[in-house]
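Comments concern the structure below.
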Amino acid sequence: MRTVVGTIDLALIALYAFWIFFAGLIFYLRREDKREGYPLVSDRGGRVVVQGFPAIPSPKTFLIADGTTVQAPRREAVRDFAMRPAAGFPGAPFEPTGNPMQDGVGPASYALRAEHPELVYNSTDPKIVPLRLAPAYSLAAEDPDPRGMTVVGLDGSIGGTVADAWIDRSDVLLRYLEVEVVGTAGPRRVLVPMPLVRIEQPSSFRPGRVRLASVTAAQLAAAPAPARPDEITMREEDRITAYFASGHLYATPARLGPLL
């Protein structure tokens, strides 16, 4: 076998080179995945910087498809949450102190994504819109049409009526049901995520209904809603989804206890 210097052969040099390259690749990828979410917030005070090894990379500016730019990592604003440690030791879990479904803590937490709608790929059109603004789309004839159906909460009370359905124009599926509810301030419309509803098909014995397993009728009326009637931002999507999903733990006091 050919040798370069002494007993070191080309195969061994190639193997060492591969190991060095692979170790460098792991180091690079581990640094890059710390561009979002680091340094972690420590409950031991502001003096402690939780970033681990390797350290956080230097800031880099990214060009977004809509022409805007975002820098990562970046300094995030400090937010106050309605929560407190459940115990006195470091690392104890936090528990909400106000409305657990509204305060963005625990199961109701959500990401602070951009305050503009998600767009269709390579377009300036919003990705998720109500069917009334998407005439090219329609519900399948073999599926029940939820529009006009009564919405029933987990407590069996009527919470509202489905006014429209919101479609995802990229994935071509229903994302939300738009429900007209009556709250303390009068009628308003809220969006309910489709994965958290069950549509009961109409029959000769009863009309079709939409049932919610995560919230009561009163909690449906108090749900957060988009700021604009025909548009939903990415942050509003996360907040609304977190609200309804957190009801599986916070909707009733009985759900907070252990199963056994």
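Just so it is clear, none of the values below were taken in a lab; they were calculated from the coordinates. In this text, all values refer to a predicted model and were calculated from it rather than measured experimentally. We place every Cβ from the backbone using ideal geometry, glycine too, and count neighbours over all the protein chains shown.
Taking H as built 1.01 Å from N, whose amide H comes closer than 5 Å to the amide H of residue 95, not counting residues under 5 places away?
84, 86
Starting from 0.36 nm per residue, how many nanometres of slack lie between residue 87 and residue 63 once their C-alpha separation is accounted for?
Extra length available between residue 87 and residue 63 comes to 4.3 nm.
Listing 16, 176, 110 from the residue with the fewest other Cβ atoms within 10 Å to the one with the most, what is the order?
Least to most surrounded, the residues fall as 16, 110, 176.
Could you give the Stokes-Einstein D for the chain in µm² per second, using the C-alpha Kirkwood radius, 25 °C, 0.890 mPa s?
Rounded, D is 109 µm²/s.
Step through the residues of region 28-42 one at a time and calculate ³J(HN,Hα) from phi using the Karplus curve (6.51 cos²θ - 1.76 cosθ + 1.60, θ = phi - 60°), rounding each to whole Hz and writing x for Gly and Pro.
Values per residue, Gly and Pro as x: 5, 5, 5, 6, 5, 6, 9, 5, 10, x, 10, x, 6, 7, 9 Hz.
List 38, 121, 243 from most exposed to least, where exposure is judged by having the fewest other Cβ atoms within 10 Å.
121, 38, 243
Most mobile of 29, 112, 249 per a Gaussian network model of the chain (Cα springs, under 10 Å)?
Largest GNM mean-square fluctuation: 29.
Which FRET efficiency value, to the nearest 0.05, is calculated for residue 254 and residue 97 with the Förster distance at 22 angstrom and r the Cβ-Cβ distance?
0.60
For region 1-130, what class follows from the C-alpha gyration tensor (a ≥ b ≥ c being the square roots of its eigenvalues): rounded when a/c is under 1.5, otherwise prolate if a/b is larger than b/c, else oblate?
The shape class here is oblate.
Taking the number of other C-beta atoms within 10 Å as the exposure measure, put 50, 182, 192 in order starting with the fewest.
Arranged by neighbour count, lowest to highest, 50, 182, 192 become 50, 182, 192.
Given region 83-157 reduced to its alpha-carbon atoms as identical point scatterers, what log10 I(q)/I(0) does the Debye formula return at q = 0.19, 0.21, 0.22, 0.23 Å⁻¹?
-1.00, -1.04, -1.06, -1.08
Quote the convex hull volume per residue of region 138-188, based on C-alpha atoms, as a whole number of Å³.
Convex hull of Cα atoms, per residue: 100 Å³.
For region 132-220, how big is Rg over Rh, using alpha carbon atoms and the Kirkwood form of Rh?
Expressed as Rg/Rh, it is 0.97.
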